[in-house]
Structure formats: C-alpha cells, structure tokens
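The values are calculated or read from the model by the stated rules, or taken from the named source; none is laboratory data. Because the structure is predicted, anything quoted here is derived from the model rather than measured. A quick note on method: Cβ atoms are made from the backbone with ideal geometry, for glycine too, and the neighbour counts reach across all protein chains shown. Note: accessible area is taken over every heavy atom of the protein model, side chains too, but ligands, DNA and RNA are not part of it. Shrake-Rupley method; radii C 1.70, N 1.55, O 1.52, S 1.80 Å.
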Amino acid sequence: MTKINAFILQHIRVFEMVGVVMRIFSFSLVSWLGPASPFLFVWIFNTIDAILLSWCAILKKDQAYSLLNIFWILVGVVGILRAGNFLH
C-alpha cells in the first residue's frame, strides 16, 4: 500500500485532475440528459471519482476535502442503491 500511496503522491496533480474531470463529466451528463440519464452509471462513476479524490485529500492531509469527498462516497453508495432499485 505504501508504494501505491507514494506513486499517487508523486503524480497527485494528475490523479486530482482525473477525479475532477470525472465529476464534471458525471454532473454534465445529468444536466444534459435530465430524466433520461443513466443514473446507475452516473452514481457509480461519481462514487469512483469521490474515492479517488478522497484518497488524494487524505494523502495531502487536507481535512476539509477529505470530509467532503468521503461524504460524496456515502451519498454515492445511497445513490447506487437507489438507482439499482436495491433501496426503496
């Protein structure tokens, strides 16, 4: 795990940019398609970017963004469960 964290820290700007672009894409998709959006895909994609951004924020010891993105992971899990009809 230490090697992975070191790799991420070495390339943290790239990983953060990928996470931000993923988030922009997922919210743009919902904005453009509205009710026709593939909500399960969007929630899964958005949760993956929240995991990526949380990991970066934790490694940087940025408490505010760690909390924000961990919150988005939790919201994403609920969104996935609702979009997948696992939670009513």
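Counting only whole DSSP H helices of the chain, the ones at least 15 Å long by C-alpha along their axis and with mean Kyte-Doolittle hydropathy no lower than 1.6 are 39-59.
For the peptides 27-33, 75-81, the ranking by mean Cβ contacts within 10 Å, running from highest to lowest, is 75-81, 27-33.
Across the chain, C-alpha contacts under 8 Å between residues 6 or more apart give a mean separation that, scaled by the residue count, equals a relative contact order of 29 percent.
Remark: the L67-V14 segment gains 17.0 nm on full extension, using 0.36 nm per residue and subtracting the alpha carbon distance. Counting only protein heavy atoms and a 1.4 Å probe, the chain has 70 square angstrom of accessible area per residue. Share of carbon and sulfur in the accessible area of the chain stands at 75%, probe radius 1.4 Å.
Shape class for the chain, computed from the alpha carbon gyration tensor (a ≥ b ≥ c): prolate, with a/c not under 1.5 and a/b above b/c.
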